[in-house]
Structure formats: C-alpha cells, structure tokens
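Here the structure comes first, spelled out in structure tokens, and everything after it is commentary.
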Amino acid sequence: RAATRGAGGFRGRTGPAGSGGVRPTMSPSAPSVSSTPLPESEWPTPPSCPGSPLCEPSSAASAPTTSLTASSLAPGNAPNTCDYVFHTTKGDVTVRAFRSLSPAGADRLHTLVRHGFYDGSPLYRILPGFVAQWGVAAEPSLATVFDWRNDVSGSILPDEQPNPDGPGNDKLWVSYSSSYDTATNPPTATNRTAELFLNLVDNKAKLDGKSFVPFAKVVKGMEVVDTWYAGYGEMDGACGLHLDGGWVCHGPNETDLYAGGAAFVAQKFPSFDRIGYVTANPNPRDPDPSWYYGNTKHHFSWSDGGEGHGVLWYLVFAAVAVMFIGLIKRQKNVTSAAARKERRGS
C-alpha cells in the first residue's frame with residue numbers, strides 16, 4: 001500500500017492550518033501552571049531494546065506489565081474507559097480513552113503505557129491553533145521499532161474507520177498520527193503506530209474526512225498543554241505544508257528524531273517539554289463518562305457548551321427553570337393577595 005506524508009500528526013500532517021477559531025495562548029516562554037513540574041531525577045528509566053516487551057509488538061499486549069507507574073493496568077485489552085495521566089515538565093494532563101471509539105487504538109495506548117513507552121519522550125510538535133503531538137520513544141532502539149517505515153511485525157495497527165456516532169476531531173480530542181494511503185481518493189490516514197496528536201481547536205472539517213480516528217479526550221490539564229514549549233514551530237521537512245499557519249519552521253527532522261531519541265532532543269532542542277512518565281486509572285468513576293460527558297455521539301462535558309451537553313447539564317437547566325417558574329408564580333400570588341387586600345381596605 002503506497003503511503004506518503006499526509007495531514008495527520010507529523011507522520012500524517014493535519015491538513016492546512018487555520019481553524020476559524022481563537023487560538024489558545026501558547027507562549028514559548030510561558031511559566032509552569034497547575035501542577036508542580038516533575039523532577040527529572042524521579043523519572044523512570046525509559047525502556048529500550050533489547051529488554052522491553054515492546055521490542056516485540058506482536059506479543060507486547062499479553063506480556064506482564066513492566067512499568068511501575070502503570071501497575072494498575074492488566075495485560076490484554078484496554079478497559080472500556082481509562083484515564084491516562086501524562087506527567088510532563090509543565091504539569092499533569094489527563095487523557096480519557098474510550099475503547100468503543102477505537103478498539104485497536106485504545107488497546108495500543110494501553111499496551112504502550114503498561115510498558116513505559118512514553119517515559120522521557122519529547123513533546124516535539126506544538127503548533128498553536130492546530131495540534132500538539134508526541135509519541136516517539138526516548139530510546140532510539142525502541143523508537144525505531146514503532147517507526148512505520150521499518151514495518152516491524154505487529155507495530156502497525158490495522159486501519160479503523162471513525163465511529164459515525166463519535167466526536168470527530170474536535171478540540172481536546174486525541175487521534176493517532178498517520179501517513180497517507182495515496183491509493184485512495186482522497187488519501188486516507190493509515191500506518192498508525194504510537195504517535196498521538198491532540199486537537200487544540202476544532203479540526204473536524206479538515207480531518208474527519210481523512211479517517212483520523214479520535215478515541216480519547218483531555219479531561220484535565222488543558223491549561224498545562226497551553227504552556228508546552230511552541231517556539232520551534234513546525235518540523236523540518238514539513239515547512240511547506242502549513243504556510244498559512246504563521247509558525248516558524250525550526251523543529252526536528254522526523255528521521256533524526258527517531259534515530260537520535262532523547263539525547264538528540266536534549267542537544268539540539270533543549271527547550272522542548274517532555275513526558276516524565278504516565279500513570280493510569282482504569283474504569284474511572286469520577287464521574288461515569290456516559291453521565292458527565294453526554295451521549296455516545298458527542299462525549300462533551302456539560303461545561304464545554306455546544307451540542308450534546310450531557311444529562312447533567314440538562315438536569316441543572318431544568319432545576320433552574322423550575323425554580324424560576326416557581327418564583328414567578330409565588331410573586332404573582334403575593335401580588336394578587338396584596339391587590340385583594342387593598343380592594344377590601346378601600
């Protein structure tokens with residue numbers, strides 16, 4: 001299957017820039033907010049090959065969990081819903097994955113976190129008003145296993161179609177970066193492995209028709225995302241794809257990133273923020289997503305506004321409406337009683 005660089009994350013660049021919305025504030029020198037940055041001395045040692053079950057992608061899902069920070073996760077398929085907390089140099093970001101939206105994608109994320117894949121890895125492509133991307137392992141020996149160009153057995157996920165009742169690539173939603181299958185018209189996303197991108201704005205119009213499959217959503221810590229270093233702009237090799245985005249083009253080259261890993265980033269791109277490690281909370285009950293995040297079509301929180309607010313929002317609205325109607329009726333009764341009293345007095 002022929003594939004070229006497309007419009008997804010970096011391996012599939014997410015279409016032309018510009019969202020029609022207000023860009024989030026993302027300063028290259030923005031201070032840390034929300035949660036305390038993790039001391040690098042407390043980060044786990046990133047996995048490498050040989051040694052990690054991830055070196056054999058075909059069997060990694062069934063291997064016992066090796067990450068001490070993800071010991072709550074069991075081998076096999078991902079939970080129906082799972083919170084993954086990415087502890088970054090600027091604070092914590094919680095991503096809630098919904099297996100129903102992408103079984104293969106959710107299971108892969110589950111396996112990667114169980115074996116510490118993202119430990120020490122860079123947040124290497126931050127484009128304000130578009131996407132934030134990560135997912136190249138810190139150790140080159142492991143990163144190259146999940147470089148789709150190497151076609152390691154089991155590393156490339158089977159293609160999935162977006163859930164027709166899913167949220168689309170809306171703001172806060174996460175999809176896998178992909179290359180493009182040029183045998184289709186229009187070209188569609190394919191060759192997913194481990195790279196993820198977070199939609200910083202509503203990208204449904206640009207990405208949904210290209211088969212990028214959103215399956216997880218940032219439910220806490222978006223203010224942290226807004227402080228991730230964005231000063232390097234677009235990646236080398238993709239400078240001509242987003243000329244209307246207004247970003248500089250001083251980011252790393254994809255091939256160098258896979259080949260050099262964290263050491264390359266520390267030397268050439270020292271300002272990049274990084275993921276220290278990832279913890280997980282399977283089947284979160286705070287609250288159940290079908291209650292708090294609305295119906296299966298939107299999964300919006302009631303505070304997001306827009307279509308599909310969710311049951312809680314409607315209950316709050318109904319309660320306020322009933323109280324308001326009650327106050328009006330009470331005021332009318334008081335006014336009527338006063339009028340009758342005044343007539344009797346006259």
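The values are calculated or read from the model by the stated rules, or taken from the named source; none is laboratory data. None of these values were measured; they are calculated from a predicted model. Because the Cβ atoms are built from the backbone with ideal geometry, glycine has one as well, and the counts that use them run over all protein chains shown. Heavy atoms of the whole protein, side chains included, go into the accessibility calculation; ligands, DNA and RNA do not. Shrake-Rupley method; radii C 1.70, N 1.55, O 1.52, S 1.80 Å.
Observations, loosely collected:
- Filter pass, ASP92 being surrounded by 24 or more Cβ atoms within 10 Å (Cβ to Cβ), among the charged types (D, E, K, R) and not in a helix (DSSP H, G or I): no
- Hits in the range 227-244 - residues which are crowded, with 19+ Cβ neighbours inside 10 Å and farther than 15 Å from PHE130 by Cβ: THR227, TYR229
- Number of residues in the range 124-153 that are surrounded by 22 or more Cβ atoms within 10 Å (Cβ to Cβ) and in contact with a Lys or Arg (Cβ under 6 Å, 6 or more places away or on another chain) equals 2.
- Among the residues here, THR88 does not qualify as more than 26 Å from ASP256 (Cα to Cα) and β-branched (Val, Ile, Thr).
- With respect to the conditions (1) open to solvent by 10 Å² or more (accessible area, probe 1.4 Å); (2) outside any strand (DSSP E or B), TYR180 falls short on a single one, namely (2).
- When the range 35-88 is filtered for residues that are part of a helix (DSSP H, G or I), open to solvent by 80 Å² or more (accessible area, probe 1.4 Å) and modelled with pLDDT under 95, the ones remaining, listed by number, are GLU40, SER41, GLU42, LEU68.
- Filtering LYS171, LYS206, LYS217 for residues that are assigned to a strand (DSSP E or B) and charged (D, E, K, R) leaves a single hit, LYS217.
- The residue of the range 250-270 that is least open to solvent (accessible area, probe 1.4 Å), among those that are more than 23 Å from the chain's Cα centre (by Cα) and among the charged types (D, E, K, R), is ASP256.
- Which numbered condition THR111 fails, given (1) of a type in the set (S, T, N, Q); (2) buried (at least 21 other Cβ atoms within 10 Å of the Cβ); (3) outside any helix (DSSP H, G or I): (3)
- Selection status of ASP119, more than 18 Å from PHE197 (Cβ to Cβ), acidic (Asp, Glu), modelled with pLDDT of 95 or more and not in a helix (DSSP H, G or I): yes
- The set of residues from the range 129-165 being modelled with pLDDT of 95 or more, in a loop (DSSP other than H, G, I, E, B) and closer than 19 Å to CYS249 by Cβ comprises just one member, VAL136.
- The listed residue being under 20 Å from TYR232 (Cβ atoms), modelled with pLDDT under 95 and surrounded by 17 or more Cβ atoms within 10 Å (Cβ to Cβ), out of TRP313, TRP247: TRP247
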